[in-house]
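S.K.: Have a look at this one.
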Amino acid sequence: MQDAIWWKRGIIYQIYPRSFQDSNGDGIGDLAGIKARLDYVAWLGVDAIWISPVYPSPMADFGYDVADYCNIEPMFGSLDAFRDLLAEVHARGLKLIIDFVPNHTSDHHPWFRESRASRDNPKRDWYIWRDPAPGGGPPNNWVSNFGGPGWTLDETTGQYYYHAFLVEQPDLNWRNPEVQQAMHDVLRFWLDLGVDGFRVDVIWHLMKDPEFRDNPVNPGYVKGRPEIESLLQIHSTDHPDVHGVIAGMRHVLDTYPDRVLIGEVYLPIERLVTYYGQDLSGAHLPFNFQLLQTAWHAKKVCELIHEYEQSIPDGGWPNWVLGNHDQPRVAARLGEEQARVAAMLLLTLRGTPTLYYGDEIGIGKVDIPAHAVQDPWEKNEPGLGFGRDPQRTPMQWDASPGAGFSTGAPWLPLAHDHATRNVVMQREDPASMLNLTRALIALRRSSQALSVGALRLLDAHDDVLAYERRAGSDRFIIVLNFSMREATWDMPENVTGEIVLSTRDGGGGQDACAELRLRPDEGLVIRCHR
């Protein structure tokens, strides 16, 4: 399958470094811990690792407040430790993707300290500064994604600076060519070290309305939802000028072979696909989060797949995401059995799948007591239930008190079932979520049809979704039961096949009947006879 570049045919595995493996007993994961678990990652069968930020940071937002773009936070290790990890990743035939956080820095970053020193500082225009509104107060009505106003007054200079997130995360001014050049130099620093690509944080935020107009009120806002939803973010995000900025990043990557640019984009499909860029000059993979937001129903998912496939520009490559560090875990949203169906969906659709650490063993909802809350969003808007701590809890490796993650007290609580839901236990169980995930990955990697082949939707009625993947004579049909009750589905006329995988018990080996009977919460992969 060398006809497709690695990021098209491969599977990406996201690691949240604080929570994957602690190597020194401080309760926080680190780079040495990731290195120690690389054999597991290789055994799982994925092709690339994406790690969330490990830059020096005051940790106001756990690394998304960057104080130095060209170094490593000491709690995670050092640049030498990063080089060592990268070498070990590559030695196993894997790729390494790192987070790039270009929308904002930490307020501790030397650039911002200079910028706020005076109105005439050479770096003043590196950030977004505005005079108070007539009569005083913030320049406009923009709010922070974490609650509260999006503007903070700097008493020394008498102007407000904009921060789309925390007060400690001032937004960079990407309309300044010097900022663009400095950030391109950051990309080159890591590319020269040998990283294989970047996942770009909140890429749709980078350019704002140059007139700084108020955002309109959201007429559909529901009380009890996050404050950011009270306004329609039409002037503070997704500005048309952002595509030129992304093309500039892409140009940097294109001077290095086989690198990938991934963009975080929480937008409807019709806006999401614009981030491929004119003539595909944008992100190789604008992250597709639609499965996180669509009702879990066969017909709705079928409609989503159809709309997405029809919207991707010619030459663009699809991708799918079911979980990440910002969204509730799959098993927490759908339940343990449907999480298995979701894994089969993710790993058999056309396009690059991203798998979030811990989803392969079915970690579900983890209760976070009030005294253990870490997420700044939860602290800013308490009680709404949108805190991100539950999906960032430590990986569950074994039944020991620290789940094999740490010999110390983990920075977040472990799931209540970590003694039975862990890698060691599930490796020994042929019907486990872990072994199902591994079997799906192996099947995908061995099949031209499943890795890079065409997709054809076959049916979506009642509770069943069925589709075909095909490349030449390599042909599979996937049938998914989205319900907790039995269902039937008729195989296409004159098509026979063999069931090679079932979400219920691994399955495999039996012929597919003309009328398939699916057990509750069952998904099947059927290899069609040639």
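Where a number appears in this text, it was derived from the coordinates with a stated rule and is not lab data. The structure presented is a predicted model; accordingly, all values stated were derived computationally and were not measured. Backbone-built Cβ (ideal geometry, glycine too); neighbour counts: all protein chains shown.
S.K.: What ranking, highest mean first, results for peptides 38-46, 220-228 when packing means the other Cβ atoms within 10 Å averaged over each residue?
M.R.: Descending mean neighbour count gives 38-46, 220-228.
S.K.: Round to a whole angstrom and tell me the spacing of the C-alpha centers of the range 454-530 and the range 327-341.
M.R.: A separation of 21 Å, based on Cα centres.
S.K.: I need the peptides 387-393, 503-509 ranked by packing, meaning the mean over residues of other C-beta atoms within 10 angstrom, with the highest value on top.
M.R.: The peptides rank, most packed first, as 387-393, 503-509.
S.K.: Can you give me the distance in nm between label points at residue 211 and residue 336, each placed 7 Å from the Cα along the Cα-to-Cβ direction?
M.R.: About 5.7 nm, to one decimal.
S.K.: Something else now. First select every other residue whose beta carbon is under 15 angstrom from the beta carbon of residue 137; then total the charges, Lys and Arg +1, Asp and Glu -1.
M.R.: Residues near residue 137 contribute -3 overall.
S.K.: Restrict the search to the range 156-220; then list the GluC sites (Glu not before Pro) that DSSP places in a loop and that have at most 11 other Cβ atoms within 10 Å of their Cβ.
M.R.: On the way: sites: 168, 178, 211; in loops: 168, 211.
For GluC sites (Glu not before Pro) across the range 156-220 that sit outside H, G, I, E and B with at most 11 neighbouring Cβ atoms in 10 Å, the list reads 211.
S.K.: With 10 angstrom as the radius, rank 484, 249, 395 by how many other C-beta atoms surround their C-beta, starting from the fewest.
M.R.: Working: 484 11, 249 23, 395 27.
Ordered from fewest to most neighbouring Cβ atoms within 10 Å, 484, 249, 395 come out as 484, 249, 395.
S.K.: Rounded, prolate or oblate: which one fits the range 375-496, using the alpha carbon gyration tensor with axes a ≥ b ≥ c (rounded when a/c is under 1.5, else prolate when a/b beats b/c, else oblate)?
M.R.: prolate
S.K.: Taking a virtual spin label 7 Å from the Cα of residue 192 along the C-beta vector, which residues in the range 97-124 bring their backbone nitrogen under 13 Å of it?
M.R.: none
S.K.: Per residue of the range 321-329, what does 6.51 cos²θ - 1.76 cosθ + 1.60 with θ = phi - 60° give for ³J(HN,Hα)? Whole Hz please, x for Gly and Pro, Karplus curve as stated.
M.R.: Listing the rounded values in order: 10, 10, x, 7, 5, 9, 10, x, 5 Hz.
S.K.: Could you give me the ³J(HN,Hα) list for the range 339-355, computed from phi with Karplus coefficients 6.51, -1.76, 1.60 and θ = phi - 60°, whole Hz, x at Gly and Pro?
M.R.: Those phi angles translate into 4, 5, 4, 4, 5, 5, 4, 4, 8, 10, 6, 6, x, 6, x, 10, 10 Hz.
S.K.: In sequence order, what are the phi-derived ³J(HN,Hα) couplings for the range 8-14 according to the Karplus relation 6.51 cos²θ - 1.76 cosθ + 1.60 with θ = phi - 60°, rounded to whole Hz, with x for glycine and proline?
M.R.: In residue order, the calculated couplings are 8, 8, x, 10, 9, 10, 8 Hz.
S.K.: Given contacts defined as C-alpha pairs under 8 Å and at least six residues apart, what's the relative contact order of the chain, whole-number percent?
M.R.: It comes to 13 percent, rounded to a whole number.
S.K.: Right, here's the next one. Greater than 31 Å separation of Cα atoms is the criterion. Which listed pairs, 223/365; 8/299; 95/300, meet it?
M.R.: Long pairs (Cα-Cα over 31 Å): 95/300.
S.K.: Could you point to the label whose value was computed as semi-axes √(5λ) of the Cα gyration tensor in Å for the structure here, given [x] 40, 26, 23; [y] 76, 29, 19; [z] 42, 27, 21?
M.R.: Step by step, semi-axes √(5λ) of the Cα gyration tensor in Å for this structure corresponds to label [x].
S.K.: Then there is this: Along Cα→Cβ, 7 Å out, is where each label goes; now give me the distance between the ones at residue 156 and residue 486 in nm to one decimal.
M.R.: Going by the 7 Å Cα→Cβ label model, 7.4 nm.
S.K.: Now for a separate question. Starting from the Cα gyration tensor of the range 1-96, take the square roots of the eigenvalues, sort them a ≥ b ≥ c, and report rounded, prolate or oblate (rounded when a/c is under 1.5, otherwise prolate if a/b is larger than b/c, else oblate).
M.R.: prolate
S.K.: If I model a spin label as a point 7 Å beyond the Cα along the Cα-Cβ vector, how far apart are those points for residue 119 and residue 79 in nm?
M.R.: Once both label points are built, they end up 3.8 nm from each other.
S.K.: Report, to the nearest 10°, how far helix 177-193 tilts away from the longest principal axis of the Cα atoms in the chain, using its own Cα long axis and a range of 0 to 90°.
M.R.: 50
S.K.: Taking 0.36 nm per residue of separation and subtracting the Cα-Cα distance, what length does fully extending residue 379 through residue 307 add?
M.R.: Length gained between residue 379 and residue 307: 22.2 nm.
S.K.: Can you classify the range 110-162 as rounded, prolate or oblate using the Cα gyration tensor, where a ≥ b ≥ c are the square roots of its eigenvalues, rounded means a/c under 1.5, and otherwise it's prolate if a/b beats b/c and oblate if not?
M.R.: It comes out oblate by the Cα gyration axes.
S.K.: Mind listing the long-range amide H neighbours of residue 144? Cut-off is under 5 Å, sequence gap 5 or more, other chains count too, H placed in the peptide plane at 1.01 Å from N.
M.R.: Counting only residues 5 or more places away or on other chains, the set is 150.
S.K.: Sticking to Cα atoms, compute the Rg of the range 160-276 to one decimal and its Dmax as the biggest Cα-Cα distance, whole number, in Å.
M.R.: Reported Rg and Dmax, both Å: 16.0, 49.
S.K.: Find how much the distance from residue 420 to residue 258 grows on full extension, using 0.36 nm per residue of separation minus their present alpha carbon separation; answer in nm with one decimal.
M.R.: Details: separation 162, 0.36 × 162 = 58.32 nm, distance 4.06 nm.
Gain in length upon complete extension: 54.3 nm.
S.K.: So if R0 is 22 Å, what FRET efficiency would residue 496 and residue 454 give, r being the distance between their Cβ atoms, rounded to the nearest 0.05?
M.R.: For residue 496 and residue 454, the calculated efficiency is 0.60.
S.K.: Take each of the peptides 110-120, 340-350, average the number of other beta-carbon atoms within 10 Å over its residues, and list them starting from the highest. Please report the intermediate quantities before stating the final value.
M.R.: Numbers: 110-120: 15.7, 340-350: 24.1.
Those peptides, ordered most packed to least, come out 340-350, 110-120.
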